[in-house]
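**Q** I have a structure here, written as structure tokens, and I will follow up with some questions on it.
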Amino acid sequence: MNEVVRRVPPRLPTDRIERGPVRRITALGRSSAALLAVGIAAVALTGCSSNPNADCSTALKSGQASSLVTATGPIGKQPKISMPTPIDASTSQRTILTEGTGEPVINGQMVEIQYTLLDGQTGQVGEKGTYGGDTTPITIGNSNAAISKGLLCAPVGSRVAVAISPKDAGGAGSGNTTILVADIVGAYLPAANGAVRPSVSGFPTVVLAPTGQPGITIPSSGGAPKQVRSEVLKQGDGATVKKDSQVVLHYTAVGWENKNVVMSSWQSKSPDIVVMNTGQSALNQALPQEVLKPLIGQKVGSQLVIEAPANGNVPASAWVVDILGVR
């Protein structure tokens, strides 16, 4: 991963996105897609000044079951896992086995993990990541609730043991407790954090919620854009986006004429992974090249407002795009 911010039991899958061509595969399970698997337009956003996604009160607490698990070895490498069997947890719980030195991860943030899933009854490995190879991206708060709460507010670089109770396994299990050992090897920005730039008149007005989610007001005068125009709202200082990069983005697009949300990763509750030179997207079929080209040469942490003409089924729209990372 080029840009790191601060850096047999039943299958328990999720939608997994591999490097290379963006493709969806079930890696931590669609029967367990249960497990690793707002509307806003033309309005000024209001709310508390602190980010509610940074609230750690829902993170799982350590318990007797999760404390029985040990895992040794370097973070990101396949650990040696030891645990007595059976392990039964009536409620899900987590123990941070090794605490990282990075920033705590928050709801709505995409992280990269290496993981092993074990059956708590037998200790048998049911599934694991490709240690030494591709990491698995998941979004905190958009995966199985027990996994999200198990990783919530753990610092990047941590190794976490999560004991997932049968009732929290999303109906995917055999009735046994599932043990997840996960290394949080990296995290992307939850929202653009670059330096705010002076606004330029004539562009759509953008107001941000405490989470960073944008509200967009289309100018009342003038018609829909016939060509692409863009303005940098926040200037980041991270890795540079290249024409063939695979990038992690948050975006909202509002139709120029109907003022409705056309496309939004924020509404999907997860950042998107997009291949710049093809537009291939993990959340949508593809993003328009008219929207992606202004991102080339920009840095992670930046936010742009982009006016884009109609393209196929996508009407003329105003986009706000946050560049969260380069994979």
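**Q** Work out from phi, with θ = phi - 60° and the Karplus expression 6.51 cos²θ - 1.76 cosθ + 1.60, the ³J(HN,Hα) of each residue of the stretch 75-88, listed in order in whole Hz, and give x for Gly and Pro.
**A** My calculation for the stretch 75-88 gives 4, x, 9, 4, x, 8, 9, 10, 6, x, 10, x, 10, 10 Hz in order.
**Q** Let's test the formula: R0 of 41 Å, r as the Cβ-Cβ distance of LYS77 and ASN284. What FRET efficiency results, to the nearest 0.05?
**A** Using R0 = 41 Å, I get an efficiency of 0.75.
**Q** Could you give the length gained on full extension between SER201 and LYS226, defined as 0.36 nm per residue of separation minus the Cα-Cα distance, in nm?
**A** 7.2 nm
**Q** Give me the orientation-averaged projected area of the Cα convex hull of the stretch 195-326, in nm², one decimal. Provide the component values of the computation, followed by the final result.
**A** On the way: hull surface 29.4 nm².
Approximately 7.3 nm², given one-decimal rounding.
**Q** In addition: Please work out how much length the chain gains when fully extended from ASN260 to THR130, using 0.36 nm per residue of separation minus the C-alpha to C-alpha distance, in nm with one decimal.
**A** Working: separation 130, 0.36 × 130 = 46.80 nm, distance 4.11 nm.
Result: 42.7 nm gained on full extension.
**Q** Using 0.36 nm per residue, how much length does the chain from ALA145 to THR70 gain when fully extended, once their Cα-Cα distance is taken away? If you can, show how the numbers build up before the last one.
**A** Details: separation 75, 0.36 × 75 = 27.00 nm, distance 2.28 nm.
Gain on stretching ALA145 to THR70: 24.7 nm.
**Q** Could I ask something else about it? Kindly list the residues of the stretch 213-253 that lie in the label zone of ILE296, defined by a backbone N under 15 Å from the point 7 Å along the Cα-to-C-beta vector.
**A** Label zone hits: 228, 240-247.
**Q** For GLU103, project a label point 7 Å along Cα to C-beta. Then give me every residue of the stretch 250-271 with its amide nitrogen under 13 Å of that point.
**A** Inside the label zone: nothing.
**Q** What list of ³J(HN,Hα) values in whole Hz, one per residue of the stretch 316-326 in order, does the Karplus curve 6.51 cos²θ - 1.76 cosθ + 1.60 (θ = phi - 60°) give from phi, with Gly and Pro shown as x?
**A** So the J values, rounded to whole Hz, are 3, 8, 9, 10, 10, 10, 9, 8, 9, x, 10.
**Q** Which lysines, on any chain, are close to LYS242 with Cα under 17 Å apart, when same-chain ones fewer than 8 places away are left out?
**A** Candidates past the 8-residue exclusion: LYS293, LYS299.
**Q** Quick one: give the max-minus-min coordinate of the C-alpha atoms of the stretch 100-174 along each principal axis, largest first, in Å.
**A** On the principal axes, the stretch 100-174 reaches 35, 28, 18 Å in Cα extent.
**Q** Moving on. For the residues THR205, THR178, what sequence is obtained by ranking on other C-beta atoms within 10 Å, fewest first?
**A** THR205, THR178
**Q** Now for a different question. Within the stretch 192-231, whose backbone N sits under 20 Å from a point 7 Å along Cα→Cβ of LYS269?
**A** Backbone N within reach: 209-215.
Read-outs: derived from the displayed coordinates by stated rules, not from any lab. Please read these numbers as outputs of a predicted model, since none were measured by experiment. Virtual Cβ from ideal backbone geometry, glycine too; neighbours counted across all protein chains shown.
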